[in-house]
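**Q** One structure, pasted below without further comment.
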Amino acid sequence: MADQAGSETNHLPLILVHRLPSFDLALTNILQTHFRILDPLHSSQPLDSFLTSHAQSVRALIVYALSPLTADTIRLLPSLEVVVGTSAGVDHIDISECRNRGITVTNAGDAFAEDVADCAVALLIDVLRRVSAGDRYVRSGLWRLRGEYTLGSKLGGKRVGIVGLGRIGSQVAQRLMAFGCIIAYNSRKKKSSVQYPYYAKVCDLATNSDILMVCCSLTSETHHLINKEVMKALGKEGVIVNVGRGGLVDEQELIQLLTREEIGGAGLDVFEEEPDVPGELFALDNVVLSPHKAVLTPESIEAVFQLSLANLKCFFSNEPLRSVVQQE
Ligand SMILES: O=CC(=O)O
């Protein structure tokens with residue numbers, strides 16, 4: 001059923017679901033007790049004609065995970081007032097079209113921050129202490145053949161540059177402070193509420209850091225923010241952890257520098273062309289790879305479901321929404 005509007009649910013507000021076919025319907029199951037659901041993937045009509053036929057009635061749309069929401073799709077919905085996102089990053093949503101139309105966009109707010117920060121720290125410790133590489137060493141029988149394993153590097157005392165001190169970056173900083181790291185950060189603006197040293201230029205942050213934790217959003221300004229110059233500034237022993245988006249780091253440059261041992265290591269949860277990961281990275285023992293799963297725990301998924309539900313309820317009862325994305 002494309003529109004679950006039966007006579008007993010006709011009084012419920014209508015929401016449009018925007019999702020890729022691969023996304024499971026757990027969120028729909030929660031939403032459908034509160035809303036009438038329009039799901040184009042349950043219709044035999046092509047997407048455009050489906051949207052055109054419901055164009056006047058759709059005021060709210062929910063985007064599941066990272067399903068791309070283009071300006072063309074948004075233009076088919078003249079009554080659209082709110083786009084409820086279920087992810088932390090919103091680079092898959094055409095924000096400038098939403099801004100031009102005055103459409104409010106929400107995201108995952110705080111729901112994912114702690115889990116992503118835990119994963120970022122896990123990747124960092126794995127790179128520094130060679131946890132996954134050591135695991136491979138044991139499993140492949142090399143311990144018996146070659147004996148003692150290469151030394152790792154201590155986390156405590158390292159100078160960590162956080163790129164993007166938002167919800168996730170702040171949680172990363174808090175965790176690494178507890179490990180005895182020295183924190184500094186780069187973001188669009190200096191934050192009066194924090195004491196960590198601020199670097200307006202990411203290259204200066206890199207020069208003064210042993211580690212870069214990339215936690216910012218991907219926008220046209222931050223694309224390849226971590227470029228060759230920044231990575232060279234970080235130096236031969238430097239480690240990069242990216243839990244933001246693949247496009248924040250110039251992946252080809254990173255591969256070159258890692259291969260030439262001009263950078264110390266990398267922990268990557270995100271890639272430029274997911275799920276395609278450049279094969280050169282597989283051969284590098286100082287790189288830890290993760291399949292864009294930093295946000296994925298049952299707890300954080302449940303939290304984002306509840307937040308999305310709350311945002312939709314607030315919208316239909318004219319209350320302030322919980323996690324509005326600032327569209328600058
Ligand atoms: O990457 C995941 C997200 O942005 O929520």
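The values are calculated or read from the model by the stated rules, or taken from the named source; none is laboratory data. Small disclaimer: the values here were computed from a predicted structure and weren't measured. Positions of Cβ are backbone-derived with ideal geometry, glycine not excepted, and every protein chain shown enters the neighbour counts. SASA here: full protein model, heavy atoms, side chains in, ligands and nucleic acids out. Shrake-Rupley method; radii C 1.70, N 1.55, O 1.52, S 1.80 Å.
**Q** State the Kirkwood hydrodynamic radius of the chain in Å, one decimal place, computed from all pairs of distinct Cα atoms.
**A** Taking every pair of different Cα atoms in the chain, averaging 1/r and inverting gives 21.4 Å.
**Q** So in the chain, what percent of DSSP beta bridges are antiparallel if you round to the nearest 5?
**A** Counting only bridges with both partners in the chain, antiparallel ones make up about 10 percent.
**Q** I'd like to know which of Ser96, Ile240, Gln174 lies farthest towards the positive end of the charge dipole of the chain, counting +1 on Cβ of Lys and Arg and -1 on Cβ of Asp and Glu.
**A** The one lying farthest along the dipole's positive direction is Gln174.
**Q** In whole percent, how big is the carbon plus sulfur part of the accessible area of segment 113-289, probe 1.4 Å, protein atoms only?
**A** Carbon and sulfur atoms account for 51 percent of the accessible area of segment 113-289.
**Q** Rounded to a whole number of µm²/s, how large is the Stokes-Einstein D of segment 188-328 at 20 °C and 1.002 mPa s, given Rh as the Kirkwood radius over C-alpha pairs?
**A** After rounding, the answer is 125 µm²/s.
**Q** About its Cα centre, how strong a charge dipole does the chain have in debye, to the nearest 20, once Lys and Arg get +1 and Asp and Glu get -1 at the Cβ?
**A** 960
**Q** If you filter segment 105-211 for trypsin sites (Lys or Arg not before Pro), then keep DSSP loop positions with at most 12 other Cβ within 10 Å, what is left?
**A** Taking segment 105-211 and a limit of 12 other Cβ atoms within 10 Å, the loop trypsin sites (Lys or Arg not before Pro) found are Lys154, Lys189, Lys201.
**Q** Still on this structure, please answer the following. At 0.36 nm per residue, and after removing the present C-alpha to C-alpha distance, how many nm does the segment from Lys191 to Glu221 gain when stretched out fully?
**A** Taking Lys191 through Glu221 to full extension adds about 8.9 nm, to one decimal.
**Q** Could you give the length gained by full extension between Gln256 and Gln45, i.e. 0.36 nm per residue of separation minus their alpha carbon distance, to one decimal place?
**A** Computed gain between Gln256 and Gln45 is 71.2 nm.
**Q** With charges set only on the Cβ (+1 for Lys and Arg, -1 for Asp and Glu), what does the dipole of segment 113-289 come to about its Cα centre, in debye to the nearest 20?
**A** 760
**Q** Another one. So with the 1.4 Å probe, I'd like the accessible area per residue for segment 180-231, rounded to whole Å².
**A** Spelled out: the 1.4 Å probe surface of segment 180-231, per residue, equals 55 Å².
**Q** Something else about it: Under DSSP H, which helices of the chain have Cα atoms covering 18 Å or more of the helix axis and a Kyte-Doolittle average no less than -1.0?
**A** Helices meeting the span and hydropathy rule in the chain are 113-129, 298-316.
**Q** Next up: Return the loop-located chymotrypsin sites (Phe, Trp or Tyr not before Pro) in segment 87-169 (DSSP other than H, G, I, E, B) with at most 16 other Cβ atoms within 10 Å of their own Cβ; answer none if there are none.
**A** Tyr149
**Q** Using 0.36 nm per residue, how much length does the chain from Gln327 to Leu151 gain when fully extended, once their Cα-Cα distance is taken away?
**A** Once the chain is fully extended between Gln327 and Leu151, it gains 58.7 nm.
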